[in-house]
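The values are calculated or read from the model by the stated rules, or taken from the named source; none is laboratory data. The shown structure was predicted, so the numbers you read here are calculated from the model rather than taken from an experiment. Cβ coordinates were reconstructed from backbone atoms using ideal geometry, including for glycine residues, and neighbour counts include every protein chain displayed.
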Amino acid sequence: MDETVHQMQVEIKNTDGLHMRPAMQFVDIASQFECDITVSNEQASVDGKSIMQISMLAATVGSKLNIKAEGPDAHEALNALKKLVEDKMFDEPSPGNKKKNHNPVEPHDGN
């Protein structure tokens, strides 16, 4: 059995950070792989396949997370997680591109 270990650091780039929805996306991707995945910051190291543990990281925009994958598909897992976190940004806006709340209804002048 191949016990390859791969590691990388990613940065949280979406405005709202790693709140529950992005944390669930992360766990969903991580769970597709056979390898063990550990995610850590300066305060904690957690199981990357556990929604409760990932949410405990409380990673905000700009946070750097270290992801370690150990197992036969470790490299593929890291690539998929990096794409989700840094490229797709959990399908959420970055701080510079946060959507403004526009009122689509025009005011009625009473006439």
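Here are a few things to note about the model shown:
- Identity of the residue in the range 5-41, surrounded by fewer than 18 Cβ atoms within 10 Å (Cβ to Cβ) and among the charged types (D, E, K, R), that ends up nearest to Asn66 (Cα to Cα): Glu11
- Scanning the range 4-18 turns up one or more residues that are of a type in the set (D, E, K, R), under 10 Å from the mean Cα position of the chain (by Cα) and not in a loop (DSSP other than H, G, I, E, B).
- One residue from Thr15, Thr4 being closer than 22 Å to Glu76 by Cβ and in contact with a helix residue (DSSP H, G or I) (Cβ under 9 Å, 6 or more places away or on another chain): Thr4
- The number of residues in the range 42-56 being surrounded by 15 or more Cβ atoms within 10 Å (Cβ to Cβ) and at pLDDT 95 or above comes to 8.
- Listing of strands (runs of 3 or more DSSP E) fully contained in the range 28-101 that carry 1 or more residues being without any contact (Cβ under 8 Å) to a residue 40 or more places away in the chain and not polar (S, T, N, Q): 36-40, 45-47
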